[in-house]
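Asker: Below you'll find the structure I mean.
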Amino acid sequence: MTGWHTRIQRSQQLARALAASGHRCIYINPHLGCEHLRPYLADRHSWISVLLPRILEFHIHLPREHVLHRRLLSADESRRVLAAVGELVAALRIPSAVQLVSFPIWLDAAKWLRDLFGFPIVYDCHDYLGGFENVAPEIIHKEAELFEACDLVTFSARSLMESTIAAFSCVRTKAALVRNAADASHFRSQAQQPGVVADPAKVIGYAGSLDHWFDVEAVRHAARERPDWKFLLVGRIEDPRITTLRDCPNVEFAGEVPYAELPKYVATFRVAMIPFLRNRLTLAANPIKLYDYFSLGLPVVSTRLPEVKLYWDLVYLADNPSDFSAQIARAINESDPSLRERRMTVAQGESWLCRAKEWLGVFDRQVRAVRQDKA
C-alpha cells in the first residue's frame, strides 16, 4: 500500500520481522516504476534490489506509472505484474510462497499467481478503506471481491475485524486478529544517540500523517489555552485544513522526517498525542504511533479510540477539544514513575517479531484447516 522508501509502516515492519524470523521476503514496489534507479522512460526493465538481509524489493516496470490510490490496475497491467513475478519465481527458483496483499489493486494478479503456482493469498486488512478521501470508489468496491477470494484475512484492530465480518459473512471463517506493534529497540537506541537533547519547553508532540482525520480544533484549543506549551507536529501535511494551525505561534511543523530520524524528534516530547476525529476510519484504527510513543515511556493523550482504550491505565483519554487540553495538563504533571516503565514494558512485549510469529501461527493453522476440509 506504501512504498518502502516513503514511510516505514505495517507492511514494511512485518516484512522486516518475517525476515528476522528466517524467511525471505520480496516487497513489490507499489509505484511500479516510479522509483527505478534510472529515469522511468529511459529504462523499460524490471529491477530487483536488496533492501535488507533476506528482503528484496521488486520494481516492476509498466508503460506508465500507476498512482495506486486513484484507480485499479487494468487487465493488461495485471498481466504484466503476473509475468514479471512469474519470471522472478523462476529466476529465484521459489518452490512455495505466500502472497501478503495489503491493497485491492493487486487482486487479479494475485489470483492468477495462485492459479499458476498455488501461492495462497492473505489479505492484511489494516484500515477501513472507505474512510480515506483519496481512495477511488472502484478500489473500495474491489475489496469485497478480495474478501471473498483470499485464503485468510488478518486485521490490525478488533473493531475493524468485527465490522467487516458483519458486512461480509464470508470472512468469518478465515479472520484473525494480528495487531500493530512497536520497534522499541529502534526508538530507544536512536533516542539515546549523542546530540539528542530534550527541549526545555513543555513539548507536546505528534508524529504521523497530518490528514483529514487529524483533530485540528483539539490542538488549536490547547495551543491557545496554554501559550507556554510548544506543539511539535512531525509529518507531511496531507490536508489543507491543517495549515490553519500556523496561526498559533506555539505550533511548529517539522515536516516529513525519515524513519531513522524519527526517534530523535519523539525523544524531545514531554507528552505525546493522538488527536484524531472520531469516525469510521479512526474507530477502526490501531495506531502504530501509540506503540512508538510507549517505546520511550511517554504519557499519551488520545481521542477515545477502541484500540487505545485497551491501555486505559497508561494513557489519558479525551472526548472533546476542551477535555483534550485538560488531559494534556494531567499528563504533563504525571508523577508516578512506574507508568513510564510499564509503557516501555508494553512496547518491548508488543514487538513486530512477536506479531510475525502470531501471523505465521495463524497462517499455519488456517492452511491446515483448509487442507483437512479438502481431505
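Asker: May I ask you to say which residue of His212, His221 is closer than 23 Å to Asn320 by Cβ, part of a loop (DSSP other than H, G, I, E, B) and touching a residue at least 40 places away in the same chain (Cβ under 8 Å)?
Answerer: Details: His221 fails: part of a loop (DSSP other than H, G, I, E, B).
Within the list His212, His221, the selection yields His212.
To keep it simple, each residue is scored yes or no on (1) hydrophobic (A, V, I, L, M, F, W, C); (2) closer than 17 Å to Glu341 by Cα; (3) crowded, with 23+ Cβ neighbours inside 10 Å.
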| site | (1), (2), (3) |
| --- | --- |
| Lys264 | no, no, no |
| Ala272 | yes, yes, yes |
| Phe276 | yes, no, no |
| Ala284 | yes, no, yes |
| Asp292 | no, yes, yes |
| Gly297 | no, yes, no |
| Val300 | yes, yes, yes |
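Asker: Moving on to the next point. Ile288 versus (1) surrounded by fewer than 20 Cβ atoms within 10 Å (Cβ to Cβ); (2) β-branched (Val, Ile, Thr); (3) out of contact with any strand residue (DSSP E or B) (no Cβ under 7 Å at 6 or more places or on another chain): which is the lone unmet condition?
Answerer: That leaves (1) as the condition not met.
Asker: Looking at region 254-274, can you tell me whether even one residue there is free of Cβ contacts under 8 Å to residues at least 40 places away in the same chain and farther than 29 Å from Arg16 by Cβ?
Answerer: No, because not a single residue in region 254-274 is free of Cβ contacts under 8 Å to residues at least 40 places away in the same chain and farther than 29 Å from Arg16 by Cβ.
Asker: Let me ask something additional. For region 145-172, name all the residues that are among the hydroxyl-bearing types (Ser, Thr, Tyr) and farther than 23 Å from Leu72 by Cα.
Answerer: Here is the first cut: in region 145-172, the ones among the hydroxyl-bearing types (Ser, Thr, Tyr) are 154, 156, 159, 163-164, 169.
If the condition is that a residue be among the hydroxyl-bearing types (Ser, Thr, Tyr) and farther than 23 Å from Leu72 by Cα, then Ser156, Ser159, Ser163, Ser169 are the ones that fit.
Asker: Just give me the residues in region 266-313 being among the aromatic types (Phe, Trp, Tyr) and closer than 23 Å to Asn333 by Cβ, in sequence order.
Answerer: Of all residues in region 266-313, those among the aromatic types (Phe, Trp, Tyr) come to 269, 276, 291, 293-294, 311-312.
Across region 266-313, the qualifying residues are Phe269, Tyr293, Phe294, Tyr311, Trp312.
Asker: Suppose the filter is surrounded by fewer than 20 Cβ atoms within 10 Å (Cβ to Cβ), of a type in the set (Ser, Thr, Tyr) and not in a loop (DSSP other than H, G, I, E, B); does Ser78 pass it? Don't jump to the end; show me each part of the working.
Answerer: On the way: surrounded by fewer than 20 Cβ atoms within 10 Å (Cβ to Cβ): yes; of a type in the set (Ser, Thr, Tyr): yes; not in a loop (DSSP other than H, G, I, E, B): yes.
For Ser78, the condition - surrounded by fewer than 20 Cβ atoms within 10 Å (Cβ to Cβ), of a type in the set (Ser, Thr, Tyr) and not in a loop (DSSP other than H, G, I, E, B) - is met.
Asker: If Gln190 passes every condition in (1) in a helix (DSSP H, G or I); (2) at pLDDT 95 or above; (3) in the same structural domain as Val308 (by TED's automatic domain parsing) but one, which one does it miss?
Answerer: (2)
Asker: Go through region 132-160 and count every residue that is within 15 Å of Met1 (Cα to Cα) and assigned to a helix (DSSP H, G or I).
Answerer: 5
Asker: What is the number of the single condition among (1) closer than 18 Å to Ile288 by Cα; (2) at pLDDT 95 or above that Val153 does not meet?
Answerer: Answer for Val153: the failing condition is (1).
Asker: Report, ordered by the first and then the second residue, all pairs with beta carbons closer than 8 Å, sequence separation of six or more or different chains, a first member in region 57-77 that is farther than 21 Å from Tyr27 by Cβ and hydrophobic (A, V, I, L, M, F, W, C), and a second member that is at pLDDT 85 or above and not in a loop (DSSP other than H, G, I, E, B).
Answerer: That search, which allows pairs on different chains as well, returns Ala75/Asp108.
The values are calculated or read from the model by the stated rules, or taken from the named source; none is laboratory data. Predicted model only: the values in this text are computed from it and were never measured. Because the Cβ atoms are built from the backbone with ideal geometry, glycine has one as well, and the counts that use them run over all protein chains shown.
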